[in-house]
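Chemist: Sharing a structure, written as structure tokens. Questions coming.
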Amino acid sequence: MISLTDLNSAPTADFIAAVGGVFEHSPWVAEAVADQRPFADRAALHATMVAAVDAATAAQKLALLRAHPDLAGKLAQAGRLTEASTAEQASAGLDMLTEAEFQRFTAFNTAYTERFGFPFIIAVRENTKASILKAFEKRIMNSRDQEFTAALAEVAKIAKLRLATLLGD
């Protein structure tokens, strides 16, 4: 954990290193907000980071979505997720799926990515296996624009939860 006071006064490179992973494999978000310090509180930091994503190009947003791993996918099976993603997926029990559950997640991941061009994203720390599967079933029926918006909203939730873990202020 790091305090917001320390984060606000840290050299830019240290700030980016500290919060660069809040948005999965996308340190450009931290880079975009570093010069806007100091932040009054964690909520202000989060809002500023989300605003940076909102202001990004469609290609940057798509790259951000594509930076996320499949849920219970090949990277998870190979132990190649980020530390944050590993903990998040474990919190919903995605690291302990039955073979049938694994097959169901794999089928949904494949169908979803084929339909939308990016992986299914949900704030797993706010969900269970059952609610994630239910969300898969519902959201796969969305239009691409609806789902692009929904996925970015989930990314923002994930970032908020990660900041809470990181800062704890």
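Chemist: Need the failing condition index for Thr128 against (1) surrounded by 14 or more Cβ atoms within 10 Å (Cβ to Cβ); (2) under 17 Å from the mean Cα position of the chain (by Cα); (3) in contact (Cβ under 8 Å) with a residue 12 or more places away in the chain, just the number.
Modeler: The failed condition is (1).
Chemist: Moving on to the next point. Applying the selection to the stretch 48-82, what residues are open to solvent by 30 Å² or more (accessible area, probe 1.4 Å), modelled with pLDDT of 95 or more and under 30 Å from Phe102 (Cα atoms)?
Modeler: Lys61, Leu62, Ala63, Arg66
Chemist: Same structure again: Restricting the first residue to the stretch 1-25 and requiring it to be in contact (Cβ under 8 Å) with a residue 24 or more places away in the chain, which pairs with a second residue that is surrounded by 13 or more Cβ atoms within 10 Å (Cβ to Cβ) and in a loop (DSSP other than H, G, I, E, B) meet a Cβ separation below 6 Å and a spacing of at least six or different chains?
Modeler: From residues that are in contact (Cβ under 8 Å) with a residue 24 or more places away in the chain, the pairs are Leu4/Asp169; Asn8/Arg37; Ala18/Ile2; Glu24/Ala67; Glu24/His68; His25/Ala67.
Chemist: Looking at Lys138, Lys160, can you tell me which residue is surrounded by 15 or more Cβ atoms within 10 Å (Cβ to Cβ) and at pLDDT 95 or above? It would help to see each step written out before you state the result.
Modeler: Working: Lys138 fails: surrounded by 15 or more Cβ atoms within 10 Å (Cβ to Cβ).
Testing whether each residue is surrounded by 15 or more Cβ atoms within 10 Å (Cβ to Cβ) and at pLDDT 95 or above leaves just Lys160.
Chemist: Run down Arg115, Arg162 and say which single residue is among the basic types (Lys, Arg) and out of contact with any helix residue (DSSP H, G or I) (no Cβ under 7 Å at 6 or more places or on another chain). Give the derivation first.
Modeler: Working: Arg162 fails: out of contact with any helix residue (DSSP H, G or I) (no Cβ under 7 Å at 6 or more places or on another chain).
Answer to the selection: Arg115.
Chemist: Still on this structure: What number goes with the only condition from (1) open to solvent by 40 Å² or more (accessible area, probe 1.4 Å); (2) in a helix (DSSP H, G or I) that Leu45 does not pass?
Modeler: Evaluating Leu45 over (1) open to solvent by 40 Å² or more (accessible area, probe 1.4 Å); (2) in a helix (DSSP H, G or I) leaves (1) as the failure.
The values are calculated or read from the model by the stated rules, or taken from the named source; none is laboratory data. The shown structure was predicted, so the numbers you read here are calculated from the model rather than taken from an experiment. Note: ideal-geometry Cβ built from the backbone for every residue, glycine included; neighbour counts use all protein chains shown. Calculation scope for accessible area: heavy atoms of the full protein, side chains included, ligands and nucleic acids excluded. Shrake-Rupley method; radii C 1.70, N 1.55, O 1.52, S 1.80 Å.
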